[in-house]
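J.: Below is a structure I'd like to ask you about.
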Amino acid sequence: MKKTIWPAATTLVSFSAYFALRAWAAGPIREEGLRDLLAFCYALLGVTVVRCCSYLFFDLLYLKRTGRKAPGLLKIMFSLVCYSTLFMLILGLVLKYDVTGLVATSAAVSVVVGLALQDTLGNFFAGASLHIEQPFKIKDRIRFRDRAGEVESVSWRSTTIRTSGNSLLTFPNGLLARDPIEVFPYDSPYQNSVDFSAPYSVSPETVMSIAKKAALDLPDVSYEIEPTVRITGFGESSVAYEALYWIMDYMKADDTGARLRQRLWYAFYRDNISMGLPIRHVLLDKMKSEDRQFKTEVDYRCAIDGIDIFQPLTPVEKEALLTLNCVRVFGPGEYMVRSGEAGDSMFIIGRGKAEVRVSSDGVHSTVAVLKTGGFFGEMSLFSGEPRSADVIAVEESEVLEIRKTSIQKLLAENARLAEAFSKTVTERLAGLEEHAGLVRRREEIKVEQGRFLERIIRFFNLG
Ligand code: CMP
């Protein structure tokens, strides 16, 4: 606003002088002699009006609407257009010059200059639009045509960025206006990703927790947003993973990526995990389903000894259960058994934790949490009935699956086992019901045992 005070004051003084002289002078002297002074007065008035408008449009309205200061380039362009129009008006209307020739000449000159300076003018207008739209600010990181860097300056002709190698790259604004620019605001986090692979023999849960920890331990990685690790594919010799983590500075993306790969190498090396290099196994024998790479560290002999259902078995029969069945691993949240599905196997939890969930009217409720040594699925195994509940792994869990075929083998060799199984399974059922508040009499349990025995005989064809 200060910039309008002196032109306004001078305008006032010069107009006063003009009117005083006009009153004092007379006739043709008054008209001719005072024309130049009048043109000067209008020029001063024009400067005052242009400055007032500039203040109104840019310092008040623009700031209010966009919340930021108007770019200087825009102000200069506005002033240039206004002053050239003012110049023409004063020349034609006050000083009575014939401006048509001047307009025609300046139009022709404009065309020639425009053609000659095509690129420069293109950059100039692109720069003006960059200043107005401000798609990025100084200090933001931008990626343009495979080159990335921190924005150092934006002039009317070009934009300069500083690369991670400390070199300066200058792009003409006209070029920036043509192609997409990726902008990484300097005060916002950026999600970076690193691809790596791990062997099939190591469970995803193990790999994911190693990678997450490795990412979180890096100095430039944000610990406020948890990294994510996901499987992106199953390769010929390894599982492909992607680690996604957040960094505050895009310029450190390559650096943190390299450091994460280095940390992963150490972490894998410590845990004896190979990096999943292309290794081809030539299997000369026919592969049995039991020949899985997974090696269990759980003592299932001990687990079987602790389960009441298997109390009637001799040590040899228990050993047979181990050799005839195999171990399976479930990740967190995986359904091991689904309610209503057909099932003919039971499971002993060797490692981990599982949740037994029942649903009624669309409402899920957890009825039991089973830990290491616990078992489930015995009801369908012995009766052939559909599964009575969902059983879901709470954490990575390893289970021994005992299939119908193995129990059938034992029952065929020892007929008395059917009775023993029906007794223990019914008693367990009564125990579960009692736990849920439904107490049964001994006679009722006995009748239930008889029914269950019949079901076992039917299901296992023991007739
Ligand atoms: P099954 O019906 O074969 O499959 C679901 C399993 O969940 C079931 O066998 C039982 O082993 C187990 N189960 C069902 N209800 C309960 C409960 N109330 N408490 C513990 N385990 C249960």
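J.: Specify the residue that is farthest from the ligand (Cβ to nearest atom); the eligible residues are those in the range 320-336 that are more than 25 Å from Val202 (Cβ to Cβ) and touching a residue at least 12 places away in the same chain (Cβ under 8 Å). Step through it out loud before you land on a result.
T.: Filtering the range 320-336 down to residues more than 25 Å from Val202 (Cβ to Cβ) leaves 320-321, 323-324.
From the residues that got through so far, the ones that are touching a residue at least 12 places away in the same chain (Cβ under 8 Å) too are 320-321, 324.
On the way: Ala320: 22, Leu321: 17, Leu324: 19 Å.
Looking at residues that are more than 25 Å from Val202 (Cβ to Cβ) and touching a residue at least 12 places away in the same chain (Cβ under 8 Å), I get Ala320.
Okay, residues lined up against (1) open to solvent by less than 30 Å² (accessible area, probe 1.4 Å); (2) modelled with pLDDT under 80; (3) touching a strand residue (DSSP E or B) at 6+ places or on another chain (Cβ under 9 Å); (4) of a type in the set (Ser, Thr, Tyr):
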residue	(1), (2), (3), (4)
Lys3	no, yes, no, no
Ala25	yes, yes, no, no
Arg51	no, no, no, no
Leu60	no, no, no, no
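J.: Further, regarding this structure: Of all residues in the range 396-418 being within 14 Å of the ligand (Cβ to nearest atom) and part of a helix (DSSP H, G or I), which is surrounded by the most Cβ atoms within 10 Å (Cβ to Cβ)?
T.: Filtering first and then ranking leaves Ile407.
J.: Please go through the range 377-395 and give me each residue that is more than 9 Å from the ligand (Cβ to nearest atom) and either farther than 18 Å from Ala354 by Cα or open to solvent by 40 Å² or more (accessible area, probe 1.4 Å) (or both), ordered by number.
T.: Here is the first cut: in the range 377-395, the residues more than 9 Å from the ligand (Cβ to nearest atom) are 384, 392-395.
Selection gives Gly384, Val394, Glu395.
J.: Return yes when Phe421 is closer than 27 Å to Val202 by Cβ, within 16 Å of the ligand (Cβ to nearest atom) and open to solvent by less than 50 Å² (accessible area, probe 1.4 Å) and no when it is not. Steps first, answer last, please.
T.: Working: closer than 27 Å to Val202 by Cβ: no; within 16 Å of the ligand (Cβ to nearest atom): yes; open to solvent by less than 50 Å² (accessible area, probe 1.4 Å): yes.
When the stated conditions are applied, Phe421 does not pass them.
J.: Do you know which of the residues in the range 111-129 that are open to solvent by 70 Å² or more (accessible area, probe 1.4 Å) and not aliphatic (A, V, I, L, M) is modelled with the highest pLDDT? Explain how you work it out, then say what you get.
T.: Step one: list which residues in the range 111-129 are open to solvent by 70 Å² or more (accessible area, probe 1.4 Å), which gives 111-112, 115-119, 125.
Then drop every residue that is not not aliphatic (A, V, I, L, M), which leaves 118-119, 125.
Working: Gln118: 72, Asp119: 72, Phe125: 77.
So, considering only residues that are open to solvent by 70 Å² or more (accessible area, probe 1.4 Å) and not aliphatic (A, V, I, L, M), the one modelled with the highest pLDDT is Phe125.
J.: Please determine whether any residue of the range 257-266 is over 16 Å from Tyr241 (Cβ atoms), touching a Pro at 6+ places or on another chain (Cβ under 9 Å) and at pLDDT 80 or above.
T.: yes
J.: Please give the number of the condition Glu317 fails out of (1) within 16 Å of the ligand (Cβ to nearest atom); (2) in contact with a helix residue (DSSP H, G or I) (Cβ under 6 Å, 6 or more places away or on another chain); (3) not β-branched (Val, Ile, Thr).
T.: The failed condition is (1).
J.: Let me ask something additional. Select from the range 343-376 the residues that are more than 10 Å from the ligand (Cβ to nearest atom) and within 28 Å of Phe460 (Cα to Cα) and list them in ascending order.
T.: The answer is Ile348, Ile349, Gly350, Gly373.
J.: Taking interchain pairs and intrachain pairs at least six residues apart, which have beta carbon atoms under 9 angstrom, with the first residue in the range 373-399 and outside the structural domain of Val356 (by TED's automatic domain parsing) and the second more than 8 Å from the ligand (Cβ to nearest atom) and open to solvent by 10 Å² or more (accessible area, probe 1.4 Å)?
T.: If the second residue must be more than 8 Å from the ligand (Cβ to nearest atom) and open to solvent by 10 Å² or more (accessible area, probe 1.4 Å), no pairs are left.
J.: If you don't mind, there's one more thing I want to ask. List the number of the failed condition for Asp195; all other conditions in (1) modelled with pLDDT of 95 or more; (2) part of a loop (DSSP other than H, G, I, E, B) hold.
T.: (2)
J.: How many residues are under 15 Å from the mean Cα position of the chain (by Cα) and either crowded, with 18+ Cβ neighbours inside 10 Å or touching a residue at least 40 places away in the same chain (Cβ under 8 Å) (or both) if we restrict to the range 216-240?
T.: Looking only at that region, the number is 3.
J.: Among (1) open to solvent by 30 Å² or more (accessible area, probe 1.4 Å); (2) within 12 Å of the ligand (Cβ to nearest atom), which single condition is Glu443 missing?
T.: Unmet condition: (2).
A quick yes/no check of all residues on (1) over 23 Å from the mean Cα position of the chain (by Cα); (2) among the polar types (S, T, N, Q):
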| site | (1), (2) |
| --- | --- |
| Thr159 | yes, yes |
| Asn166 | yes, yes |
| Leu176 | yes, no |
| Phe196 | no, no |
| Tyr200 | yes, no |
| Ser203 | yes, yes |
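The values are calculated or read from the model by the stated rules, or taken from the named source; none is laboratory data. Quantities reported herein were computed from a predicted structural model and do not represent experimental measurements. We place every Cβ from the backbone using ideal geometry, glycine too, and count neighbours over all the protein chains shown. The area values use the complete protein model at the heavy-atom level, side chains included, leaving out ligands, DNA and RNA. Shrake-Rupley method; radii C 1.70, N 1.55, O 1.52, S 1.80 Å.
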